[in-house]
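Student: I have a structure here, written as structure tokens, and I will follow up with some questions on it.
Since every read-out is calculated from the coordinates, none of them should be taken as a lab result. The shown structure was predicted, so the numbers you read here are calculated from the model rather than taken from an experiment. Cβ: placed from backbone, ideal geometry, glycine included. Neighbour counts: every protein chain shown.
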Amino acid sequence: FFLSGVDLSNIVKAVRPPASENGQKQKHEILLTLDALGKAVADSDLAEVAEQLVVFTAQCKEQLAFRCLAGQNGAYPVVFSACQMASGDRNLMLKAFYTLSALLDGQPDLLDSAGQDLLLQTLQEYKEDADMALAGIRCVRHACLKHEQNRQDFVKGGILPLLTGAILLGMLWLAVRRLQNSLCSFLTHLCGWKQDVVKQVLSAIRAVAGNDDVKDAIVSAGATDLIVLAISHHLANPQICEQGCAALCMLALRKPENCSIIMEGGGALAALQAMKAHPREVAVQ
């Protein structure tokens, strides 16, 4: 199959568990975990829900085939219910969003309108919480990759101001680090994941910018200036440079008027600086 170019990424290739003593076929481990998670949700056992979410997330991350198997067996409604149950509990909400992000990776069709509303509401509610912003943006990113309808729905729902606000959140922490040298070591630790917030936001903007109307909305929201600012402030980070330049390219594609705005805003210079800063990073060149 591999020699023939057949895509087997969504096929479970793990060895099948042996049959039980009574001859019944054994369930896959991820389905057993899903059953346990569903029972915990039904019983409103928050401690057990938190524990099973962690296990289920790890299994989803192993390979796409496992996620597909779980998705085909009703994983999304269970995870969505866990997200709803976690409302008001920040730590549980983080775990639930990590799980939702892992499940949606490669399966954007699973997300429904209720899930979109939940993500938008949570990003609005926790817009000053970098950890929650990062978890929510990852979900949005996975939901928008290769899914045009989700892109348009999120833009109509008001995702763009939330994404640009998340970029500003990352920039704010960088400014605080510069102003408060006495807290340098503490803030240096924090900036590791603040940069991750910026990277995920840029990746999400890149993902939703596939539609020409969406491009216009993003540019009108002033996102290009923030993208240039993000590249300039995080010039030493090749991943941010890569995602920022890719986002600018996507916004400029088939849009001459957007090209002019990007050029006037210093986008070309920022991209050139990124290329000079990372000459060995193929993705930045």
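Student: Quick check: net charge around VAL219, other residues with Cβ under 14 Å of its Cβ, Lys/Arg +1 and Asp/Glu -1?
Tutor: So the surrounding residues net to -2.
Student: Further question: Could you give the length gained by full extension between GLU148 and VAL54, i.e. 0.36 nm per residue of separation minus their alpha carbon distance, to one decimal place? Walk me through the numbers on the way to the answer.
Tutor: On the way: separation 94, 0.36 × 94 = 33.84 nm, distance 2.99 nm.
Length gained between GLU148 and VAL54: 30.8 nm.
Student: Say each of CYS259 and ALA47 gets a label point 7 Å from the Cα, pointing the same way as Cα to Cβ; how far apart are those two points in nm?
Tutor: Result: 6.3 nm between the two label points.
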